[in-house]
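All remarks here apply to the structure that follows.
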Amino acid sequence: MSPRNLRDLPAEALDGKRALVRVDFNVPLAKDSGVADDTRIRAALPTIKYLRDKGTRVILLSHLDRPTGPDPTLSLRHIVRTLEQLLGTPVDFIPDPAAGIAATRRLPRGGVALVENVRFWPGEEQNDPELARTFAALGDFYVNDAFGTAHRAHASTEAVAHLLKPAVAGFLVERELRYLGDALQHPKRPFLAVLGGAKISGKIDVIEALLPRVDQILVGGAMANTFFLAVDFTVGKSLVERDKVDLAKALIAKAGSKLILPRGAVVAPSLERRDERREVPCDRIPADCAVFDIDHTTQLDFRAHILRAKTVVWNGPMGVFETPPFDEGTRAVAEALIEAGKRGAITVVGGGDSAAAVRGLEEKFTHVSTGGGASLDFLEGKTLPGVAALEAA
Ligand code: ADP
Ligand code: MG
């Protein structure tokens, strides 16, 4: 289902009205004060700016981290200054949504208010209708632009959307659905998936959902190690899921020639002993070493496949990219996607760590999803409760 979008609302539905906007301001805070990385705030700016331009009064709702109750260190007050700087306008702070109605009515047209961390109230994660009613009273209509939490049915993402109409998708959610959705449903072919990361277990459903749709799946990262065991290679001290070997065997049987594994690996005795790293073929991983990256042969092989594709979906790093030089395989795949994009391919990156690995290069991909868990759920073909609760287009 595609939801009704903010752009579909006529001017009279916006002018002077109070928009209750669920955003994802779950940003890392700096140690001293303020925001360490404002990427997520920037991602919500197009929606906020559009509303302000239309004379709408904007009331923002977000969570921050996972408090179990009120916690001053996780107050959204810490992000007010950053938000004011990015918007170029003062932002009112509403510490208690239950006492916030007057403040929302006082806002001038185009004015902005930010409500305290929604997870300070226990009803948020329980999708409590009472709390949702409190939130709903703060607006005249609802906009969900928090793709990163759309896979959770919470009071500020799901229950509130049933109470406050119109309930529409903001520009970020619209964009996420367009790229993640289109990539799956109407891919230009060849359609290729590149999967990596730490574990198969969290991604089995993604593999199963993608297999029938894609022309090829390239597998790297620690995930590949479980597949190595499945074809009777040994993996030494590598991160591996021994209890998932049967599953890996079944996937290999189902995938046939679609599944492409690394030919070789970069191994070392430990991350600390990276100076002793070397490249080995995958059937010769030493017993006293662990795999930390794909090797150069595999980089070239994956690159060749990626350059032939017209649609590429990538989730999961090819190695321990946080510890250079084990980031080389991940970088090579990122570069291959960028090159494929220049040649006209649609390139989509999903997943929290994968997005972190391409930070600063976002513009070079067709789309880098801001939602880690949400993008995976969506690739699996699951319904996102925060999207399903919006009005259908
Ligand atoms: P995403 O968040 O993009 O979905 P994951 O969370 O599944 O990705 O995986 C990311 C993690 O996988 C990173 O922390 C990375 O260090 C780890 N990883 C990738 N390859 C290996 C490997 N060979 N050995 C150990 N960890 C790995
Ligand atoms: Mg991750």
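The values are calculated or read from the model by the stated rules, or taken from the named source; none is laboratory data. In this text, all values refer to a predicted model and were calculated from it rather than measured experimentally. Every residue, glycine as well, gets a Cβ built from its backbone with ideal geometry; the counts of neighbours run over all protein chains shown.
Looking at 166, 190, 212, which one is away from ligand 1 (no atom under 16 Å from the Cβ) and modelled with pLDDT under 95?
Answer to the selection: 212.
Quick one: which helices (runs of 4 or more DSSP H) sit completely within region 322-393 and have at least 1 residues that are in contact with a Leu (Cβ under 6 Å, 6 or more places away or on another chain), away from ligand 2 (no atom under 16 Å from the Cβ) and at negative phi?
328-342
Looking at (1) at pLDDT below 95; (2) crowded, with 18+ Cβ neighbours inside 10 Å; (3) closer than 22 Å to residue 304 by Cα; (4) of a type outside the set (Lys, Arg), find the lone condition where residue 256 falls short.
So residue 256 meets the others, but not (2).
Might you let me know whether region 36-48 holds any residue that is surrounded by fewer than 19 Cβ atoms within 10 Å (Cβ to Cβ) and closer than 21 Å to residue 141 by Cα?
Yes, region 36-48 contains at least one residue that is surrounded by fewer than 19 Cβ atoms within 10 Å (Cβ to Cβ) and closer than 21 Å to residue 141 by Cα.
Please go through (1) within 12 Å of ligand 1 (Cβ to nearest atom); (2) part of a strand (DSSP E or B) for residue 312 and return the number of the only condition it doesn't satisfy.
(1)
Find all pairs meeting these conditions: Cβ atoms under 7 angstrom apart; at least six residues apart or on different chains; first residue within region 364-393 and over 21 Å from residue 192 (Cβ atoms) and at pLDDT below 90; second residue of a type in the set (A, V, I, L, M) and part of a helix (DSSP H, G or I).
Close Cβ pairs (under 7 Å, with a partner that is of a type in the set (A, V, I, L, M) and part of a helix (DSSP H, G or I)) amount to 370/43; 370/172.
Name the residues in region 228-248 that are basic (Lys, Arg) and either outside the structural domain of residue 328 (by TED's automatic domain parsing) or surrounded by fewer than 16 Cβ atoms within 10 Å (Cβ to Cβ) (or both), would you?
Matches in region 228-248: 242 only.
Contact list please: Cβ distance under 6 Å, first residue in region 280-299 and without any contact (Cβ under 8 Å) to a residue 60 or more places away in the chain and of a type in the set (Phe, Trp, Tyr), second residue in a loop (DSSP other than H, G, I, E, B) and within 12 Å of ligand 1 (Cβ to nearest atom), pairs at least six apart or on different chains.
Between residues of region 280-299 that are without any contact (Cβ under 8 Å) to a residue 60 or more places away in the chain and of a type in the set (Phe, Trp, Tyr) and residues that are in a loop (DSSP other than H, G, I, E, B) and within 12 Å of ligand 1 (Cβ to nearest atom), the close pairs are 292/319; 292/320; 292/326.
Select from region 49-97 the residues that are surrounded by fewer than 17 Cβ atoms within 10 Å (Cβ to Cβ) and small (Gly, Ala, Ser) and write down the one among them that is farthest from residue 156 (Cα to Cα).
Ranking the candidates gives 88 first.
For region 92-100, indicate whether the set of residues that are in a strand (DSSP E or B), farther than 22 Å from residue 163 by Cβ, out of contact with any Phe, Trp or Tyr (no Cβ under 7 Å at 6 or more places or on another chain) and free of Cβ contacts under 8 Å to residues at least 24 places away in the same chain is non-empty.
yes
Out of (1) in contact with an Asp or Glu (Cβ under 6 Å, 6 or more places away or on another chain); (2) of a type outside the set (Asp, Glu); (3) away from ligand 2 (no atom under 16 Å from the Cβ), what's the single condition that is false for residue 151?
(3)
Can you tell me how many residues within region 1-25 are more than 13 Å from residue 145 (Cβ to Cβ) and part of a loop (DSSP other than H, G, I, E, B)?
Here the count works out to 8.
I'd like the full set of residues that are among the aliphatic types (A, V, I, L, M) and farther than 27 Å from residue 124 by Cα, limited to region 4-13.
Within region 4-13, 9, 11, 13 meet the criteria.
Report whether or not residue 18 is in contact with a strand residue (DSSP E or B) (Cβ under 7 Å, 6 or more places away or on another chain) and surrounded by fewer than 17 Cβ atoms within 10 Å (Cβ to Cβ).
No: the conditions fail for residue 18.
With the requirement that a residue be surrounded by 20 or more Cβ atoms within 10 Å (Cβ to Cβ) and part of a loop (DSSP other than H, G, I, E, B), what does region 141-163 give you?
Within region 141-163, 145, 146, 150, 151, 152, 154 meet the criteria.
In region 31-72, which residues are in a helix (DSSP H, G or I) and either outside the structural domain of residue 169 (by TED's automatic domain parsing) or under 19 Å from the mean Cα position of the chain (by Cα) (or both)?
Within region 31-72, 39, 40, 41, 42, 43, 44, 45, 46, 47 qualify.
Restricting attention to region 225-251, which residues are of a type in the set (Val, Ile, Thr) and under 27 Å from the mean Cα position of the chain (by Cα)?
226, 240, listed by residue number.
Name the single residue, out of those in region 358-380 being of a type in the set (Gly, Ala, Ser) and surrounded by fewer than 23 Cβ atoms within 10 Å (Cβ to Cβ), that is nearest to ligand 1 (Cβ to nearest atom).
For region 358-380, the residue satisfying everything is 372.
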